[in-house]
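The values are calculated or read from the model by the stated rules, or taken from the named source; none is laboratory data. Quick caveat: nothing in here was measured; it's all calculated off a predicted structure. Positions of Cβ are generated from backbone atoms using ideal geometry, with glycine treated the same way; all protein chains shown enter the neighbour counts.
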């Protein structure tokens, strides 16, 4: 389906009130196949780098493994037998197809209206990989930890693009509508170091909303909306690329580079 390169008034209203909106089937099967190939190339590079004799050691935090490889922070799957990345950022620099996707106007175009700036730069680029059996990701907000290093957090908007169909069975993305209006929320106590990153939803109220959509669909969401995912109970992958955008000229989060977006587009759409 062809969408305008701007956020519609209805989308802007939903973003302001609910903290998110989504567009279904933005990208074609052929485009998604190319992105999947790029993601699998990145995943292969990471596995090979981890097997090198001089690879940096893992860091264990609350029984979860983290590792710095290829200029990216890798969060490994909880189940080591899966031998899979759970998430990693940044990652676009490891494949030309994924790097080009950062400049895709069907992704960043609507962000201009949500951010309030015509010229944009990349804030962060992240890969989520949920293989069959992949672990859940507890509810959390981006704001509390993005605040450390963001130059203009109030003007950051995130996008999530499904590379596979997303549904409850394979651990799709969930959000709690309107939770972005409550600011930085209290985190879990007595749950180790990582508990400080997870939102105490028992104090929040409100029901979660599942982003069940076909591959090629895109969600736009506020940096402070509470979101998470559940275990992949299916036999299929659930891969997603998350690009967050900000006004032009600002540094990427945790990376001392500026990555302005290429914006030579036909504005008639």
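Within this structure, residue 61 fails the test of being closer than 20 Å to residue 171 by Cα and in contact with a helix residue (DSSP H, G or I) (Cβ under 8 Å, 6 or more places away or on another chain). Here are some conditions: (1) within 18 Å of residue 255 (Cβ to Cβ); (2) in contact (Cβ under 8 Å) with a residue 12 or more places away in the chain; (3) touching a helix residue (DSSP H, G or I) at 6+ places or on another chain (Cβ under 8 Å). Residue 126 meets all but one. Which one does it not meet? If we test residue 126 against (1) within 18 Å of residue 255 (Cβ to Cβ); (2) in contact (Cβ under 8 Å) with a residue 12 or more places away in the chain; (3) touching a helix residue (DSSP H, G or I) at 6+ places or on another chain (Cβ under 8 Å), just (3) comes out false. Return yes when residue 138 is touching a helix residue (DSSP H, G or I) at 6+ places or on another chain (Cβ under 8 Å) and either closer than 21 Å to residue 176 by Cα or part of a helix (DSSP H, G or I) (or both) and no when it is not. Criteria not met by residue 138. For the criterion of being over 24 Å from residue 81 (Cα atoms) and crowded, with 24+ Cβ neighbours inside 10 Å, residue 125 passes. Number of residues in region 84-122 that are out of contact with any helix residue (DSSP H, G or I) (no Cβ under 9 Å at 6 or more places or on another chain), assigned to a helix (DSSP H, G or I) and surrounded by fewer than 22 Cβ atoms within 10 Å (Cβ to Cβ) equals 3. Do you know which residues across region 57-82 are over 23 Å from residue 188 (Cα atoms), loosely packed, with under 13 Cβ neighbours inside 10 Å and more than 21 Å from the chain's Cα centre (by Cα)? Correct list: 57, 80, 81. Filtered by the rule that a residue be surrounded by 13 or more Cβ atoms within 10 Å (Cβ to Cβ) and more than 18 Å from residue 162 (Cα to Cα), region 37-46 gives 45, 46. Could you please let me know if residue 216 is on the phi > 0 side of the Ramachandran plot and modelled with pLDDT of 95 or more? Yes.
On the stretch given as region 7-36, residues that are part of a loop (DSSP other than H, G, I, E, B) and surrounded by 16 or more Cβ atoms within 10 Å (Cβ to Cβ) total 5.
Beta carbons closer than 6 Å, at least 6 apart along the sequence or on distinct chains, pair a first residue in region 18-40 that is under 16 Å from residue 159 (Cα atoms) with a second that is assigned to a helix (DSSP H, G or I) for 19/180; 21/11; 21/14; 21/15; 26/106.
Among the residues in region 181-192, are any crowded, with 17+ Cβ neighbours inside 10 Å and under 18 Å from the mean Cα position of the chain (by Cα)? No, region 181-192 contains no residue that is crowded, with 17+ Cβ neighbours inside 10 Å and under 18 Å from the mean Cα position of the chain (by Cα). Filtering region 218-269 to residues that are surrounded by fewer than 18 Cβ atoms within 10 Å (Cβ to Cβ), in contact with a strand residue (DSSP E or B) (Cβ under 8 Å, 6 or more places away or on another chain) and farther than 17 Å from residue 145 by Cβ leaves 248, 249, 257, 258, 260, 263.
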